[in-house]
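Structure first, then comments.
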Amino acid sequence: MHPRNGTRRLTQRPDLTTGAAQCSIFQDVLTIVRSEPVLVSIHSSGATTEVVQYLTDAKTRGAILHWFNGDDTDVKRAIDVDAYFSVNAAMSEDQIRRLPRDRVLCETDFPARKVRSRRPADTGRIELLLSQAWGTSPQEVRAATWWNLRTLSERSGAIERLPEPVADTLLYL
């Protein structure tokens, strides 16, 4: 695992490791990161309820639910364990509206394959989509999502492990 962050995946896809093995590995990872000041991006496609339950059981800090498509109950339970949600321009407005503004982060790895981004971390499309869903400007969306990242980084303790220019940017918002 990268010392500053990590991405983990628990899915219902049959082409990946068996479900039991995935669950065991996922539990082990959550146990390890529970006491570490890191941000962990978690993919939960097809297994949102289970992922939220594992987060609850492990008392994981710094969890970011990547491209989260859970129902209202899953969203509430994820908030209860202090999780955040990363969103991208491929998500529906309904999915985005379900998430509380103070828990939303913009994904920086989208588009992955289908559409070539002109530059890394291009968040313009998702900021525009969020501004339409929230009835605000893209600039206000950017300020809000950066503030959310600051809050998450401070709560989890990960701010101390971020690259200095990133941590400084967040601390001087």
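The values are calculated or read from the model by the stated rules, or taken from the named source; none is laboratory data. Quick caveat: nothing in here was measured; it's all calculated off a predicted structure. When we count neighbours, we look across all protein chains shown, and the Cβ atoms used for this are built from the backbone with ideal geometry, even at glycine. In case anyone asks, the SASA skips ligands and DNA or RNA and just uses the protein heavy atoms, side chains included. Shrake-Rupley method; radii C 1.70, N 1.55, O 1.52, S 1.80 Å.
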Residue in the range 57-71 that is polar (S, T, N, Q), farther than 25 Å from Ile25 by Cα and free of Cβ contacts under 8 Å to residues at least 40 places away in the same chain present: no
Verdict on Ile64 being of a type in the set (Val, Ile, Thr), modelled with pLDDT of 90 or more, in contact with a Pro (Cβ under 9 Å, 6 or more places away or on another chain) and open to solvent by 10 Å² or more (accessible area, probe 1.4 Å): no
Checking Asp28 against (1) assigned to a loop (DSSP other than H, G, I, E, B); (2) at pLDDT 85 or above, the condition it does not meet: (1)
Selected residue [under 10 Å from the mean Cα position of the chain (by Cα) and closer than 16 Å to Ile126 by Cα] from Leu105, Leu99: Leu105
Residues within the range 31-40 that are of a type outside the set (Val, Ile, Thr) and part of a loop (DSSP other than H, G, I, E, B), tallied: 3
Pick from the range 123-152, criterion open to solvent by 50 Å² or more (accessible area, probe 1.4 Å) and among the charged types (D, E, K, R), ranking: modelled with the lowest pLDDT: Arg125
Any hit, the range 137-147, residues being part of a loop (DSSP other than H, G, I, E, B) and either touching a residue at least 24 places away in the same chain (Cβ under 8 Å) or in contact with a Cys (Cβ under 8 Å, 6 or more places away or on another chain) (or both): no
Residues located in the range 72-102, provided they are surrounded by fewer than 21 Cβ atoms within 10 Å (Cβ to Cβ) and touching a residue at least 40 places away in the same chain (Cβ under 8 Å): Asp82, Ala89, Glu93, Arg101, Asp102
